[in-house]
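> Dumping the structure here so I can ask a few things about it.
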Amino acid sequence: MDIIDSPKHGSIIYHPSILPRHRGASAINWTLIMGDKKAGFSVFWADDGLDTGPILLQRSCDVEPNDTVDALYNRFLFPEGIKAMVEAVQLIADGKAPCIPQPEEGATYEGIQKKENAEISWDQSAEVLHNWIRGHDKVPGAWTEINGQMVTFYGSTLLNSSVPPGEPLEIKGAKKPGLVTKNGLVLFGNDGKALMVRNLQFEDGKMIPASQYFSAGETSVVELTAEEVKVAETIKVIWAGILSNVPIIEDSTDFFKSGASSMDVARLVEEIRQKCGGLQLQSEDVYMATKFEDLIQKVVRKLRGEDQEAELVVDYVSKEVNEMMVKMPYQCFINGQFTDADDGKTYNTINPTDGSTICKVSYASLADVDKAVAAAKDAFENGEWGRMNARERGRLMYRLADLLEENQEELATIEALDSGAVYTLALKTHIGMSVQTFRYFAGWCDKIQGSTIPINQARPNRNLTFTKKEPLGVCAIIIPWNYPLMMLAWKSAACLAAGNTLVLKPAQVTPLTALKFAELSVKAGFPKGVINIIPGSGGLAGQRLSEHPDIRKLGFTGSTPIGKQIMKSCAVSNLKKVSLELGGKSPLIIFNDCELDKAVRMGMGAVFFNKGENCIAAGRLFVEESIHDEFVTRVVEEIKKMKIGDPLDRSTDHGPQNHKAHLEKLLQYCETGVKEGATLVYGGRQVQRPGFFMEPTVFTDVEDHMYLAKEESFGPIMVISKFQNGDIDGVLQRANNTEYGLASGVFTRDINKAMYVSEKLEAGTVFINTYNKTDVAAPFGGVKQSGFGKDLGEEALNEYLKTKTVTLEY
């Protein structure tokens, strides 16, 4: 390659604008100020004019609604600019460099904006105000007058969700007061739409979070101990080394007004960490405390632990039960805080053991959903969670799993109270598998990776193609009432491991373990906004989640009709990604060569496990003719030994159904079976005692056309059909004659028969000589109208990730 020098080739210049749109030193800023939809850069030949030389090459990118100068620079202008300069040099060396004269039409020159010219003019739309503020961030800073003082705004975003509550703030020239909220200062355009700024800077250079405007002056000065004075002196020496132009570092010395830059911030943070015993400041700490005395106060508060966020305030409902004091949160959990519903509405959650009210629970409104989504979005885009490395994310999830395990007795007790789960089963399965799920996915956090892909080379150039696995953003999760905590864990653990934030709606009738989980997530150290729990109605809160434009993925477990409605709403709103685990009518085929004792025991578990409130429950048993009668006799004998009663009694086998409406539906199901001619062998009635108890039930002589053969009961009802000896293909045809395909099972000693049947069964899971054997490492999900997508295992991660393909030429 020739050496490029000015006499032979001329000089080339990189300019951060699509010339001639914006010329001058503030071109990037004016791209945002003017609301341009495209940004980019030009490489041009130098001339005697001002950015007017002929263009060699240009590149452009889309400007996102909340892009800042830094975001554009880091995402496109810097990395693509380097590649473009290399390409330009190569074009020059090859003698192929274009020289395209710049048109004068549309050309503008914008010099560096002066502070006095950056004042905000309020009679404009929210989008124009937003563009003005972000275009002047960080220099010189868009400003306005508040209470007679110049206040500069930083960190603007358009507010697409509902306006959160806050304290009014009068702003000179604004027709409508701003609102100081927990998330920042909300401002209003003349079109009624809103934006939010995160940080404010006063005339003296002090910068604060906008949310702290009314409390900014309330912090008292702390007196330093002898040890803290030594730390302050060490930091003063570090300042002196950076600010070599300042003779003496005084309390009033301002870091940036003394000439420091952003690079100096990185040096300051690292030197303090190295020389002050590992003290870890954030860059934001320096920007928020620019004077020496203010930074020392911040450092001392951090050393004393006073800078931690306020301790979580939980208004519990407490009950002395199961030989322990159970403390249950009952409010919405939004942005790291428990809070009443926006409109104050509540509803009763009922103990199915006796029908009594456990407590009143907040009934989330549409405004609460919007606030929860906004908190999750902010945590993903701007919060600590979005910047956290994968291994640290895994550490938080391991800690959360430990806390779930440490509190397993209380969680199992709440599960028994709220859902009717037998305590011993809740301890092992409801809570135990939840712990295992979080531990499993915690281990995946730092193992999510893409791949390199060989592609055809366009000679003489070479290409590198690789993929990246990235989180989707804000995810909504809607769970059922049969395994309240376990269903939460199955979906949210994969969601969080992938790096997303979430808004979860528990079933209306079983919200309490989800809210207890929220409390434990704070203790584990999850940043605010990452996890949000909104109890309430599926028709209101759930529907809003499926329609919300800021949600990128929705995971749902529930009925097939509701799943179809959710899928429609997700498609119409913003085509969000969906995974659905829906209804089932799982067939269990029992051949005459099975181990009968095991088939009876596990067949009962396949139906009666968790009171039959089990998505993979065997909805229909096909028993080979020669063993049919003996199988039924043994099942009835075993049912008679089952103890029905208080789920907190350690000897109880069978607890109450989850809620009254479900019990009534099951009784109607049995009545329909009798009317259609099926034989009711045992049960079919409500147990005569307080609460929502139902007898374990057995039907035989169920023919393929009957309601019992086609529809899921989701209760303790065994539906038995007989099939002819040796008719393998016939029973398979009957087993597959359903629109559902969640699970299935087969009992036989013949391994060839077992494998043949497992291949032919149309289901997401097949159990052979066992049942209900799920594991956190094994993917779980259905086919046909039982839904699509997977929970558990590595495949579950893909439900909460997107794949980006990157190809570069070199």
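> Using only Cα atoms and rounding to the nearest 10 degrees, what angle (0 to 90) does helix 484-497 make with the longest principal axis of the chain?
Helix 484-497 and the main axis of the chain meet at about 30 degrees.
> Here's a follow-up. Measuring from label point to label point, each 7 Å out along Cα→Cβ, what is the residue 170 to residue 320 span in nm?
Using points 7 Å along Cα→Cβ, the separation is 5.6 nm.
> Report the dimensions of the chain along its three principal axes from the alpha-carbon atoms, largest first, rounded to Å.
Cα spread of the chain along its principal axes, largest to smallest: 100, 69, 51 Å.
> Between segment 744-810 and segment 405-482, how far is it from one alpha carbon centroid to the other, in angstrom?
16 Å
> So for the chain, averaging the separation of alpha carbon pairs under 8 Å that are six or more residues apart and normalising by length, what relative contact order in percent results?
On the way: 1660 pairs, mean separation 72.2, N = 810.
This gives 9 percent for the chain.
> Can you list the residues, at least 5 places off or on another chain, whose amide H is less than 5 Å from the amide H of residue 694, using H built in the peptide plane?
657, 687
> Please sort by residue number the trypsin sites (Lys or Arg not before Pro) in segment 412-476 whose DSSP state is loop and whose Cβ has at most 15 other Cβ atoms within 10 Å.
Details: sites: 428, 439, 447, 462, 468, 469; in loops: 462.
Qualifying residues, ordered by number: 462.
> Let me ask another. Among the trypsin sites (Lys or Arg not before Pro) in segment 701-774, which ones are in a DSSP loop with at most 10 other Cβ atoms within 10 Å of the Cβ? Mind listing them?
Of the trypsin sites (Lys or Arg not before Pro), not one in the loops of segment 701-774 has a Cβ with at most 10 other Cβ atoms within 10 Å.
> Further, regarding this structure: How high is the FRET efficiency from residue 256 to residue 223, r the C-beta distance, R0 35 Å, rounded to 0.05?
Efficiency, from the Cβ-Cβ distance: 0.80.
> By the scheme Lys and Arg +1, Asp and Glu -1, what is the net charge of all other residues having a beta-carbon under 11 Å from that of residue 251?
Its environment carries a net charge of -2.
> What number, in percent, do you get for the relative contact order of segment 577-670 if the mean sequence gap of Cα pairs under 8 Å and at least 6 apart is divided by its residue count?
Over segment 577-670, the number comes to 25 percent.
> Counting DSSP beta bridges with both partners in segment 316-581, what percentage is antiparallel, nearest 5?
Bridges in segment 316-581 are about 50 percent antiparallel.
> Taking the 0 to 90 degree range and rounding to the nearest ten, how far is the long axis of helix 226-242 tilted relative to the main principal axis of the chain, both from C-alpha atoms?
50 degrees
> Would you mind telling me the share, in percent, of accessible area of the chain contributed by carbon and sulfur at probe 1.4 angstrom?
That share works out to 50 percent.
> Is the shape of segment 316-581 best called rounded, prolate or oblate, per the rule: a/c under 1.5 gives rounded, else a/b larger than b/c gives prolate, else oblate, with a ≥ b ≥ c the square roots of the Cα gyration tensor eigenvalues?
In terms of gyration-tensor shape, prolate.
> Can you order the peptides 175-183, 272-280, 364-372 by their average number of other Cβ atoms within 10 Å per residue, highest first?
Order by mean packing, descending: 364-372, 175-183, 272-280.
> Excluding ligands, DNA and RNA, what is the solvent-accessible area per residue of the chain at a probe of 1.4 Å, expressed in Å²?
Here the per-residue accessible area is 44 Å².
> Quick one: Cα centre-to-centre distance for segment 592-662 and segment 704-742, in angstrom?
For segment 592-662 versus segment 704-742, the Cα centre distance is 16 Å.
> How many percent of DSSP beta bridges within the chain run antiparallel, rounded to 5?
65 percent
> Ok, one more. Calculate one ³J(HN,Hα) per residue across segment 704-710 by plugging θ = phi - 60° into the Karplus curve 6.51 cos²θ - 1.76 cosθ + 1.60, and present them in order as whole Hz with x for glycine and proline.
For segment 704-710, the Karplus-derived couplings read 4, 7, 6, 4, 4, 7, 9 Hz, x marking Gly and Pro.
> Between the alpha-carbon centers of segment 502-553 and segment 111-178, tell me the distance in whole angstrom.
33 Å
> Ranked highest first by the average count of other Cβ atoms within 10 Å around their residues, in what order do 59-69, 187-197 fall?
Numbers: 59-69: 16.0, 187-197: 19.9.
Highest mean packing first, the order is 187-197, 59-69.
> If packing is taken as the average count of other Cβ atoms within 10 Å, what order do 338-347, 122-131 fall into, highest mean first?
Top to bottom by mean Cβ count within 10 Å: 122-131, 338-347.
> Give 760/784; 640/710; 345/371 a once-over and call out the pairs whose C-alpha atoms are over 20 Å from each other.
Going by Cα-Cα distance, 640/710 fall outside the 20 Å limit.
> Calculate, in whole percent, how much of the Cα-Cα pair population of segment 12-94 lies beyond 18 Å. Working shown, then result.
Values: 1318 of 3403 pairs.
Counting every Cα pair in segment 12-94, those more than 18 Å apart make up 39 percent.
> For helix 512-524, what angle does its Cα long axis make with the longest principal axis of the chain, in degrees from 0 to 90 and rounded to 10?
Value to nearest ten degrees: 40.
The values are calculated or read from the model by the stated rules, or taken from the named source; none is laboratory data. Keep in mind the model is a prediction, meaning the values are calculated, not measured. Every residue, glycine as well, gets a Cβ built from its backbone with ideal geometry; the counts of neighbours run over all protein chains shown. Accessible surface areas use protein heavy atoms only, side chains included; no ligands, DNA or RNA. Shrake-Rupley method; radii C 1.70, N 1.55, O 1.52, S 1.80 Å.
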